[in-house]
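Only one structure is covered here, and it is reproduced in the block below.
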Amino acid sequence: MEARERALHGVRNWLAFLKHSHLLKGKAKLEVREQLKKILMGLEDKPTILISGEFNAGKTTFINALLGEKVLVSDVTPATAMITKLTYGHEKRLFLHFKDQTIQECDFSFLKEVTAEGDKHGDNIRSKLAFIEIQLPFELLKFYTLIDSPGLTSLFQKHSDVTNHFFEEADTAIWLFNSLNVGTASEVTWLQKLYESGIPTIGLINGIDRLDEDEDLDAFYEYNVRRLTPMITQLDGISSKDILEGKLKDDEQLKEWGNLEAVESLFVSFENEKLELVFLQVQTALNDFYKSLLREKESSVFLKNRELLLTHFLKMEKITLDLAEELKAEYQKKEDLIAEWNLFLQNNLLEPTNIEPFITKFKKPIKLRGEWESIVLPQLNAYIKWFEEVNLEDRVLNVKKVAAEECFQDINKVYFKFFQTYKYIKADREYRIYAENVKRKIKILNSKQEEVEKSLKTFTKVVEQEVKKEIEPVNERIKRLNMDWRNVLLPIKQVVGKWAVEDLVKMEDYAEEIRDFQREVLPYLYLAVQKHAANLSKGDIQHMLGLLSTLYKERDETSVLARIIQMGSLKNPIAEFKVRAVTSNHRPYMQSSEFMPVPLDLKQELVKLSPQLIKDPGVIAASVAVVMSIF
């Protein structure tokens, strides 16, 4: 049983492998898939064993003995007997299969009605039945389907017609002979039909316990073997009654007398015969698969010379690969420098601008430091100085603005508002004058910022030139590397002609798929063959498995090839490095529009004061004098 499970796993993995595989294409792939589907069906289908013989040969007792329990009754007559199919089920169930293809489940008590002789209702049902199926929870039925046929040689021809239907379904037949009457003319007729149908048949002489003790059993067997060969492949004697009783009573002596060992060995041989046929099919599928792979290999100059290519690439690794990795690292450093500079440009100009960590990453930091100090630093320092000055005046301006607002609020809090209005007008005038001065300085500050931006752009070009200068030696080394590489590849070119990294990728993809097959499919088929007890095709199929296991065998050089494939980017190594400076997003830190006067309609306030002015002429004269002094 274990061999079948291993084979099932292997064939299922093979079918799954074919779904995503590109090893085979078109018709070849379709043919292998169809082969595997048939093999899988054969493995999944349990062997069907037809148990037949004359009506009184003891078939029912034999089946009960196989199961170790009195499951079937033997009190039916030739007139009421029906063909019975025994299958596995988790519980005991009965199904009626009718000739019109319908199926009906019924209670086991219904069997008595169906098999009752002379019962018209039973006769009517039997006339419509094809066969009965009984599902039973017995271990044997997990692996075999048993067909209990009516007496093939009985007087009722209808039983023979029904049994003929199962000839095509049966993998093997067991013919039970009555020990007191072996090989009658009618039995020979049916055995001949089984033989002509290609169904291997085993003969069992049932009831050997009834034979005369003085009879020479060996001579008895030899005589009947000569008569019945080649219609039967084997002949043994058993006692179904003793085997059944031995199992029910757990009596080893009765089992031995009944020759249980012969019966058990039969079922081992059934499994082996089925697996033998399956392995022949697997061998054919493996052979077709192997031939297709060989054709593909011969049609590709890369696959055909893969071993030679790997050997040359191994030599090439010592010359080129480590150096190439070093050069790629150099390029990466320069790219990191550019990224760091662009990040630096995004900083707020008023934040600490220590450029020293960036400059020291260059081979000539002194020159770059001097450029920074002459181009950018004066403009930046001037900008920062102006910003601090304007920021201070902005705070003073804010104080004046608040004072003017407070004067405005006080106008409504006192009775005599004229002098408060005067106080506000004076504060507002001071605020406006100061605001104009601040706005003028902000304009200057913004121009200073523009000068810093220009200096940064100029310095960016300096950085770009320095990066290019430092990358040129790397480019020169890569040029020399390419020349060395071409020299190493010259023998390969002489073998495969013009080639590209993509060709190596395809070659390794193909080889990797075969290695997947070797990992996912072959181990299970190997184990299945090893667990298989028979030896008819073992040698041939093992030879084929061996051929497939060595096709594109894993080698240490494949890791080298993978690295070379990754290095395809060095085919044109001289890169154009350009400092992609970030456009400055600095905005002016202060806008003139932020300085707005305190909203006050002075004319309206003077109108409010007019009644008071009319009542007090002295105040009018004083007020006019004050106002005139202001304006």
Discussion item. What is the ratio of the Cα radius of gyration of segment 48-258 to 2.2 N^0.38 Å, with N the residue count, to two decimals?
Written reply: 1.03
Worksheet item: Tell me, what is the percent relative contact order of segment 176-321, built from C-alpha pairs under 8 Å that lie six or more residues apart?
Response: 17
Discussion item. Positive end of the dipole of segment 48-258, charges at C-beta (+1 Lys, Arg; -1 Asp, Glu), about the Cα centre: which of Q192, T84, Y221 has its Cα farthest in that direction?
Written reply: T84
Response to the item:
Ordered by fewest other Cβ atoms within 10 Å, a rough proxy for footprinting exposure, E371, E450 read E450, E371
Fill in: At R0 = 25 Å, FRET efficiency that the Cβ-Cβ distance of A329 and N354 yields, to 0.05
0.40
Fill in: Percentage relative contact order, segment 48-258, counting C-alpha pairs under 8 Å, at least six apart
26
Worksheet item: Can you list residues whose amide H is under 5 Å from F177's amide H, if they're 5+ apart or on another chain and H is modeled 1.01 Å from N?
Response: L204, I205, N206
Worksheet item: With labels modelled as points extended 7 Å from the Cα through the Cβ direction, what inter-label distance (nm, one decimal) is found for E373 paired with V73?
Response: 11.7
Worksheet entry | About the Cα centre, charge dipole magnitude for segment 48-258 (Lys/Arg +1, Asp/Glu -1 at Cβ), debye | 820
Worksheet entry | ³J(HN,Hα) computed for each position of segment 202-212 - Karplus, 6.51 cos²θ - 1.76 cosθ + 1.60, integer Hz, glycine/proline x | 9, x, 10, 8, 8, x, 5, 5, 8, 6, 5
Worksheet item: Looking at this model, which pairs from K328/K363; K112/K255; K193/K249 are more than 29 angstrom apart at the alpha-carbon?
Response: K112/K255; K193/K249
Worksheet item: Within the set K92/K128; K334/K364; K333/K469; K334/K361, which residue pairs have Cα atoms separated by over 18 Å?
Response: K92/K128
Worksheet item: Which of H121, I205, A65 sits closest to the plus end of the dipole of segment 48-258, meaning its Cα is farthest towards the positive end, when Lys and Arg get +1 and Asp and Glu get -1 on the C-beta?
Response: H121
Fill in: Distance between modelled label sites at N342 and K441, nm, 7 Å Cα→Cβ extension
3.9
Worksheet entry | Distance between modelled label sites at R480 and Q234, nm, 7 Å Cα→Cβ extension | 7.9
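Each value in this text was obtained by applying a stated rule to the coordinates, not by laboratory testing. Since we're looking at a predicted model, the values are computed, not measured. Methodologically, a virtual Cβ is constructed for each residue, glycine included, from the backbone with ideal geometry; neighbour enumeration extends over all protein chains shown.
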